[in-house]
1. For residue 75, only one of the following conditions fails: (1) among the polar types (S, T, N, Q); (2) in contact (Cβ under 8 Å) with a residue 12 or more places away in the chain; (3) loosely packed, with under 15 Cβ neighbours inside 10 Å. What is its number?
2. Quick check: is even one residue across the range 330-344 within 16 Å of ligand 1 (Cβ to nearest atom), outside any helix (DSSP H, G or I) and touching a Gly at 6+ places or on another chain (Cβ under 6 Å)?
3. I need every pair where a residue in the range 43-61 that is under 17 Å from residue 296 (Cβ atoms) has its Cβ under 6 Å from the Cβ of a residue that is acidic (Asp, Glu) and crowded, with 23+ Cβ neighbours inside 10 Å, sequence separation at least 6 or different chains.
4. Pairs, please: C-beta under 7 Å, at least 6 apart or cross-chain, first residue without any contact (Cβ under 8 Å) to a residue 12 or more places away in the chain and in the range 280-307, second more than 11 Å from ligand 2 (Cβ to nearest atom) and in a helix (DSSP H, G or I)?
5. Run residue 64 past the list (1) in contact with a Cys (Cβ under 7 Å, 6 or more places away or on another chain); (2) assigned by TED's automatic domain parsing to the domain that holds residue 169; (3) not hydrophobic (A, V, I, L, M, F, W, C) and report the number of the one that doesn't hold.
6. Report yes if residue 178 is away from ligand 2 (no atom under 16 Å from the Cβ) and buried (at least 18 other Cβ atoms within 10 Å of the Cβ), otherwise no.
7. Being at pLDDT below 95 and touching a helix residue (DSSP H, G or I) at 6+ places or on another chain (Cβ under 9 Å) narrows it down to one of 52, 83, 69, so name that one.
8. Restricting the search to the range 304-317, which residues are out of contact with any Cys (no Cβ under 8 Å at 6 or more places or on another chain), away from ligand 1 (no atom under 11 Å from the Cβ) and within 15 Å of residue 344 (Cβ to Cβ)?
Amino acid sequence: INAAGERRYYSSSPCHYGICIDIDGVLIKGTKVVPETKSALRFLNGENKLKKKIPFILLTNGGGVTETKKAEELSEKLGFPIKPSQLTLAHSPMHQLVPMFKDSDVLVIGGVGDNCRIVAESYGFNRIIIPNDVLAWKPCIWPFTKLSEDDLKLTKKLDFSNIKIEAIMMFHDSRDWGRDLQIILDVLRSKDGYLETLASPQELSTRNFPLFFSNPDIIWSNDCIVPRMAQGSFRLCLEHLYESLFQKKETGLQLKYTLFGKPETVTYKYAHKLLEDYSFEITGQKLPNRRIYAVGDNPASDIAGANRYGWTSILVRTGVFKGDNHLLNPAKYVADNILQAVEWMFDQEE
Ligand code: G3P
Ligand code: MG
C-alpha cells in the first residue's frame, strides 16, 4: 500500500497460466497491424495492474520462412520483440518427419523462391526438391510457366530420370497452383516416384504415397473484406483432380494424406511444449498444470483445435469471423479484438 493508500501488486511468482496467439486476423491483417496488437503484447509483457509477465507464444498456420526469419520480420512489423522460441509456424512440427526422410528426395511445395527449401534444410532434410527444379529439368512438364533468370538461379540442376521422389510436403501456400498441382499429380501417379513414368492401376490402389500438408485452413484473413483462399483450398482442388483423374467412382481411389497445422493435435502438442519451454526460459521454473488460453479468428482451426485440446478458446472479430459466436465450434469467449481477449483472460485468472 503506497502513501496515497492505493494497493499495488508486484508479482515475483511464475504465472500459472499462458496464452497461445494466432497471427493472421488477430495480430495482423495483411499489410497492417491490428490497432490493439501492441497494447495487448505490452499487457502480456507486464504492463498490467499486477505487473505480471504472462508467457505467450504465437501459433500460426502461416510460414514459408524459418522461425528465426519470421521472428525478425514480426518484431519489425509489430514493433515488439518476438523470439524464434515463441513461434510455432505451420511447418514447425514437420521437423518431426526428418528421421523418416532425412536422406530421401523430398518435394517441398509452397512459398517464395527457394525459401521453403531453406526452411526444410534448416530442419535437417538433406535432399529437398522444389517445383522449379523440375521445370528447369524439363519445361514441358508445365509449359505455361516460364522460369526467369532469377528463378533459374534458385534451382538445382538435377536429372529427374534418376531421382526417386519419396515424399511430398506442402510447407506453405502455392505461388503457382497450376505448376504445383501438375507436378504433385505427376509424382502421385508415377511409378515409384520417378517423374515421367506411370504406375499401374494395381500399384496405385495399393500404395500410400507419403503426402503431408502444413495448413488445413480453407480460408484466411488479410486486408480484403472477404476472406482469401488458403492452403486447404489448394488441397481440395488436388483431391478433386486426383479423384476425377483416377475415376474414384469406379476405382475407389482416394487421395490420402497427413495434416499438420491447426486444428491438428500434433500441432497443439508441439505448441504446448513450446509454451512450457518458453515459460521455463523466462522464469526458470516448470509448471506442469498451467492453464492455457488460445486466441484466434478462425472457428474451424483456432477454436476447434483449442477446444479439442482442452484449452480455453477466445474468438476475435478482427479476422475471418464476425458475429456473436460460432455454432459448430463455439469459443468460450468472443472478444472484439486481441486486447479485449487478453484482458478477459486476466480477469478470469486474477
Ligand atoms: O496462410 C495463413 C493462414 O491460413 C492462417 O494464418 O496466422 O491465421 O493461423 P493464421
Ligand atoms: Mg488467423
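The values are calculated or read from the model by the stated rules, or taken from the named source; none is laboratory data. Since we're looking at a predicted model, the values are computed, not measured. Cβ placement follows ideal geometry from the backbone for every residue including glycine, while neighbour counts extend to all protein chains displayed.
1. (2)
2. Let us first name the residues in the range 330-344 that are within 16 Å of ligand 1 (Cβ to nearest atom), namely 331, 335, 337-338, 341.
Filter once more, keeping what is outside any helix (DSSP H, G or I): 331, 335, 337.
Narrowing further to those that are touching a Gly at 6+ places or on another chain (Cβ under 6 Å): none.
Scanning the range 330-344 turns up no residue that is within 16 Å of ligand 1 (Cβ to nearest atom), outside any helix (DSSP H, G or I) and touching a Gly at 6+ places or on another chain (Cβ under 6 Å).
3. What qualifies is 61/217.
4. Short answer, once both residue conditions are applied: 286/276; 286/280.
5. Failing condition for residue 64: (2).
6. For residue 178, the condition - away from ligand 2 (no atom under 16 Å from the Cβ) and buried (at least 18 other Cβ atoms within 10 Å of the Cβ) - is not met.
7. Numbers: 83 fails: at pLDDT below 95; 69 fails: at pLDDT below 95.
Going through 52, 83, 69 in turn, just one is at pLDDT below 95 and touching a helix residue (DSSP H, G or I) at 6+ places or on another chain (Cβ under 9 Å): 52.
8. So in the range 304-317, the residues out of contact with any Cys (no Cβ under 8 Å at 6 or more places or on another chain) come out as 304-305, 307-310, 312-317.
This time we only want the ones that are away from ligand 1 (no atom under 11 Å from the Cβ), so: 304, 307-310, 312-315, 317.
Hits for the range 304-317 are 312, 313, 314, 315, 317.
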